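Notes follow the structure.
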Amino acid sequence: SLVEKIGAVYAMGSFTFGRLGVLAGARLENTDYSGKAYRVNQSTTTITGVTRPVTTLRDTQVLPGLHFNYAFSPRLIARAAVYQTIARPAGSDLLPASTVNDTARTISEGNPNLAVTESVNYDVSLEYYLKPIGVLSAGAFRKDIDGFFYDNATTIVGGVYDGYALSNRSLGQGGKVDGL
């Protein structure tokens, strides 16, 4: 079983200085997650016990954003933004449970050590609006990422599940993503 509660509050203001429009804001988000799952402990041939571990994730984030629009003319507009975002792990990925498939010789398990990840994002674009409809645009972005989720796969060596493929969601260290 799992329960996830997310609360958020947002504040923003917009300002215009001639041809420059500025939108500033911040979002406060609170995540409160609690999950339980049955875990079967066994030796090579016998179930030795069943436990029901609990996983929790509590996190509060302030996510600011600053957006700019500059109108060179009514048809030519430049845009720029810097803002922070987060990604939460899926609740099912956090559950401390294992699923064993003896036919396929695979084990999938949750990872209660996953955390919320953060990204600081930078976007710029230039847009030219055609008459009577349509637009030509070009943009670039960069994301400075602190942690990311990926599927981890290993092969178990020794023990009851020797040779089984073990997979779970894991948390990477982070990185940068750029694009045009």
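The values are calculated or read from the model by the stated rules, or taken from the named source; none is laboratory data. Computed from a predicted model, the values in this text were never measured in an experiment. Ideal geometry is used to build each Cβ from the backbone, glycine not excepted, and the neighbour counts take in all protein chains shown. Areas reflect the complete protein model, heavy atoms only, side chains present, ligands, DNA and RNA absent. Shrake-Rupley method; radii C 1.70, N 1.55, O 1.52, S 1.80 Å.
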For the condition touching a Phe, Trp or Tyr at 6+ places or on another chain (Cβ under 8 Å) and open to solvent by less than 60 Å² (accessible area, probe 1.4 Å), what is the one hit in T85, T31, T55?
T55
Out of the residues in the stretch 88-98 that are in a loop (DSSP other than H, G, I, E, B) and of a type in the set (A, V, I, L, M), which is most open to solvent (accessible area, probe 1.4 Å)?
A90
Among the residues of the stretch 113-143, write down those that are under 19 Å from the mean Cα position of the chain (by Cα), at pLDDT below 95 and open to solvent by 50 Å² or more (accessible area, probe 1.4 Å).
N113, E118
Looking only at the stretch 144-166, how many residues end up being loosely packed, with under 14 Cβ neighbours inside 10 Å, of a type in the set (G, A, S) and under 28 Å from R88 (Cα atoms)?
1
Tell me which of these L20 doesn't satisfy, since it passes every other one: (1) open to solvent by 40 Å² or more (accessible area, probe 1.4 Å); (2) within 30 Å of N111 (Cβ to Cβ); (3) touching a Phe, Trp or Tyr at 6+ places or on another chain (Cβ under 8 Å).
(2)
Quick one: what pairs do we get from the stretch 46-62, first residue farther than 16 Å from K5 by Cα, second polar (S, T, N, Q) and assigned to a strand (DSSP E or B), C-beta under 6 Å, 6+ apart or different chains?
T48/N41; T48/Q42; G49/N41
What's the number of the condition E109 fails, among (1) touching a strand residue (DSSP E or B) at 6+ places or on another chain (Cβ under 9 Å); (2) farther than 20 Å from Y150 by Cα?
(2)
Is it fair to say F72 is in contact (Cβ under 8 Å) with a residue 24 or more places away in the chain, aromatic (F, W, Y), within 30 Å of D32 (Cα to Cα) and open to solvent by 70 Å² or more (accessible area, probe 1.4 Å)?
no
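Anything in the stretch 128-168 that is closer than 30 Å to V100 by Cβ and in contact with a Leu (Cβ under 6 Å, 6 or more places away or on another chain)? List them, or say none. I'd like the intermediate steps shown before the answer.
Filtering the stretch 128-168 for residues closer than 30 Å to V100 by Cβ gives 147-168.
Within the stretch 128-168, G147, T154, I156 meet the criteria.
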